[in-house]
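First the structure, in the form of structure tokens, and then the observations on it.
The values are calculated or read from the model by the stated rules, or taken from the named source; none is laboratory data. Please read all numbers here as calculations on a predicted model, not as lab measurements. All Cβ positions, glycine included, derive from the backbone under ideal geometry; neighbour counts span all protein chains shown. Please note that ligands, DNA and RNA were not included when accessible areas were found on the heavy atoms of the full protein model with its side chains. Shrake-Rupley method; radii C 1.70, N 1.55, O 1.52, S 1.80 Å.
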Amino acid sequence: MTDFGIDFQISIFWAIPLLIVSLWLILRLYHRPIKNQIPKFWFYVLILFRTLVFLLLIFLFLKPLIEQVFRTIEKPYVPVFIDNSASMQMYFPDNNPQPSVSEFTNMLKNEKEIEFDIFSFGKDILKNETIGFKQKFTNISAVFPYLGYLTGKNMVAAVIISDGNHNFGSNPVYLSEKSLVPIINLVVGGDLKSPDIGFDRIFYNQTAFWQTTATLKVQLAADFLEGKKTTLEVKKDGRVLQSFPIVINNSSFFWEKEIELEFKEVGLQLFDFELKVLEGEANVLNNKQKIAIKVIDKKTNWLILGSAPHPDMAAIHGILSDNLNFTVVSQIISNYKMTSVPDAVVLHQLPDISADWRSLSAQFNFGDIPKLVIIGTRTQFKLLNEQKWGVDAKLISRNLDFSNATPESSQSLLQISPAFLDIIQNKAPLITQYAEYKYPLGGNILLKRLYKGIETNDVLMQFVPSTKTVFLNATGIWKWAMEDYKQNASKTNFQEFVNQVASLMLKQNENKENLEYNLITSEGEPAIFQFFVPDSLKLKTAPKLSINKEVINFVPVAENIFQAKVVPDSAGLKNFIFEAVYQNEKKYREEGAFFVEQNLLESKKSRADVALLQQMSFRSKGALLPWESRNQLIDSILFKKNLKSIIRTTSQVDDVIHFKYLFFIILFLLSAEWLVRKYYGLD
């Protein structure tokens, strides 16, 4: 439905004098004697032509605007997001969800009262994509930012069809609280009671020491296999190292065991954990799991020194002490007596104004070792600047503020997971002071300050390679650890963050070539290689990595640090050769290997995560329906009292002066008038 309207930019009252002048000119041009010189018909035609010309000119002089108003009726709009991952297959006959899902989506498309729009998702949201249920990842959290792109529609709800086995991206339960519309979850596989046993988790450190033992924790879960017996075997190179009998004594069984492994060789060690397959198991792919451990023969001694007790120190101590490469001592400066020089140090709110700091700094030069300096309210800025560690700090006000964090760029030295990125950007703000920080020795920005969701130019974390120092201009990172545990039932993401910061400091301290890489990765996931160049050497060309005759060039990501990302095309052990050439023609060469697991994240799941979908529905004020009740979906949406179509109005304003055909009409009228006058011999 379209309406039209005309408005003038110049007052319409100007039309009156212009009409009078036009009438006078017409009368002067076509006075009575002329009437007798041409046929009567053509006399009046010429007057009409000239009148139309004047009327069009007056119309254009008033600068008319034509407004078109378009009105469209929009039905209630509901986007439907279908989980396109491999785990959906096991809940349907012949492992083929397509017939049932296609029949259902066709029914939705034919609905007259509601407009349904079909999307699919694996890692990302896709529209008009063939749904083959073969994606290796499930990112339910991708739905919520995508809803923001649909806000221009009359959206009343969103439907997610999934088994809830979310394994990529942020926690969707927390995102659902901020959902723009209620979420209606159609649970696939919620009523499935298939017998199955598989690995839940294996907790272990990826590094260990030669000729030592390390403890791993293995967790298993089994459903509907009560009374059955199985065996867990730990293997290396096909040889059974240990074997553990397991008796499943209930229908919802959980088993946990601490296992010790002995490391007799240096280098990459691969261990296989296998469960004996039981009759009737719905899924046997989750009966195997492989881990990779790098065995070394060197330890790093850490000192965590604080001005006063603080939960940050405990959080960092817990992470560092979990790393078997490290020995960790935590002390308050007033109680600390130096007995040996540490390899690395964390200074929490130090230097301060205490006599203990002055005494300790007189004995020992902290500038010679890697250090993480956490700046807080007890930090003495003048003393900090005097250390010449690479920061020039100026306290503006002692007022405190809360700030979140965000990485500097995609080329940041820190590889932050999506789940941890959500925590540092949105969930757990740090305590910052009103201060100005400058870094005269340069370096690399690791994190920037995020204030009320807006990225600022303020540096929150800076790495200064020349002094082997990382500065964190805030306190409260213990909250990052707690939020990580709250969301993910572990502190894995926080642990990765702390270990990466520690790695930056220690690699700079070694001042020699060092190649760092993932020991184990999955198909489709990049393996990150980082090469650290000593200050005394300069590369002639970019380092190169050769894997199965494919050559990958490294790119610089920071001063003396180069990086390459390798996405393996198949599973298995991958051997590589790394080479770097320096300007003095010296060469560095390293041969190694990493293991690529077959990506079975989806296939290893054997039951729906109903609890996750239920929480999403509850927090978004939506609903939860089993797939078997899918035909009730439309009724549950129509039941909403505020469900109604809307009339959306849009307008378009055009300046008539831009309508070229009006000028052609005027030209035609004047030309026709001129030809007629010439034909009858009129001037």
Name the aspartates and glutamates eligible as straight-distance cross-link partners of Lys544: C-alpha to C-alpha under 16 Å, and not fewer than 8 places from it in the same chain. Glu513, Glu516, Glu579, Glu585, Glu590, Glu591
When each of Lys299/Lys574; Lys40/Lys678; Lys438/Lys565 is checked by Cα-Cα distance, pairs over 21 Å: Lys299/Lys574; Lys438/Lys565
Could you give the angle, 0 to 90 degrees to the nearest 10, between helix 98-109's Cα long axis and the longest principal axis of the Cα atoms of the chain? 40
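I'd like to check one number: the per residue accessible area of the chain, probe 1.4 Å, reported in Å² as a whole number.
Working: 34940 Å² over 683 residues.
So the chain comes to 51 Å² accessible per residue, rounded to a whole number.
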Once amide H atoms are built 1.01 Å from N in the peptide plane, which residues 5 or more positions from Lys540, or in another chain, come under 5 Å H to H? Val581, Tyr582, Gln583
Taking every other residue with Cβ under 11 Å from the Cβ of Gln615 and scoring Lys and Arg +1, Asp and Glu -1, one gets -1
From the cross-link list Lys491/Lys621; Lys134/Lys290; Lys123/Lys621; Lys127/Lys491; Lys127/Lys448; Lys388/Lys452, which pairs have alpha carbons spaced over 28 Å apart? Lys491/Lys621; Lys127/Lys491; Lys127/Lys448; Lys388/Lys452
List every residue whose amide H lies under 5 Å from the amide H of Ala208, counting only residues 5 or more places away in sequence or on a different chain, with H placed 1.01 Å from N in the peptide plane. Lys294, Val295, Ile296
Sparse-neighbourhood loop sites, GluC sites (Glu not before Pro) in region 238-292 - DSSP loop, at most 13 other Cβ within 10 angstrom: Glu265, Glu279
If the cut-off is 23 Å between C-alpha atoms, which lysines fall inside it for Lys228, apart from same-chain ones fewer than 8 positions away? Lys193, Lys217, Lys257, Lys276, Lys288, Lys604, Lys605
Any aspartates and glutamates with Cα under 19 Å of the Lys235 Cα? List them, leaving off those in the same chain fewer than 8 positions away. Asp200, Glu256, Glu258, Glu260, Glu262, Glu265, Asp272, Glu274, Glu597
In degrees, nearest ten, helix 492-510 long axis to first principal axis of the chain (Cα): 70
Give me the distance between the Cα centres of region 295-333 and region 92-139, rounded to whole Å. 50
Given the options Thr231, Thr215, Val187, identify the residue whose Cα lies farthest towards the positive end of the charge dipole of region 174-284 (+1 on Cβ of Lys, Arg; -1 on Cβ of Asp, Glu). Thr215
Most to least packed among 461-471, 240-250 [average Cβ atoms within 10 Å]: 461-471, 240-250
Applied in sequence order to region 589-594, the curve 6.51 cos²θ - 1.76 cosθ + 1.60 (Karplus, θ = phi - 60°) yields integer Hz couplings, x standing for Gly and Pro, of 9, 9, 10, x, 8, 9
Degrees, to the nearest 10: 311-322 long Cα axis against longest axis of the chain: 60
Interatomic Cα distance distribution for region 213-301, bins of 10 angstrom, percent: 14, 45, 26, 12, 3, 0
Once normalised by the length of the chain, the mean sequence separation of its alpha carbon contacts under 8 Å that are 6 or more apart gives a contact order in percent of 16
Using a 7 Å offset from the Cα along the Cα-to-Cβ direction at both Ile353 and Phe618, what is the distance between the two label points in nm, to one decimal? 5.1
In the chain, carbon and sulfur make up what percent of the accessible area (probe 1.4 Å)? 53
Work out how far the C-alpha atoms of the chain reach from end to end along every principal axis, then list the three figures in whole Å, largest first. 126, 70, 53
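What does the charge count around Lys452 come to, taking other residues whose C-beta lies under 15 Å from its C-beta (Lys +1, Arg +1, Asp -1, Glu -1)?
Local charge sum for Lys452: 0.
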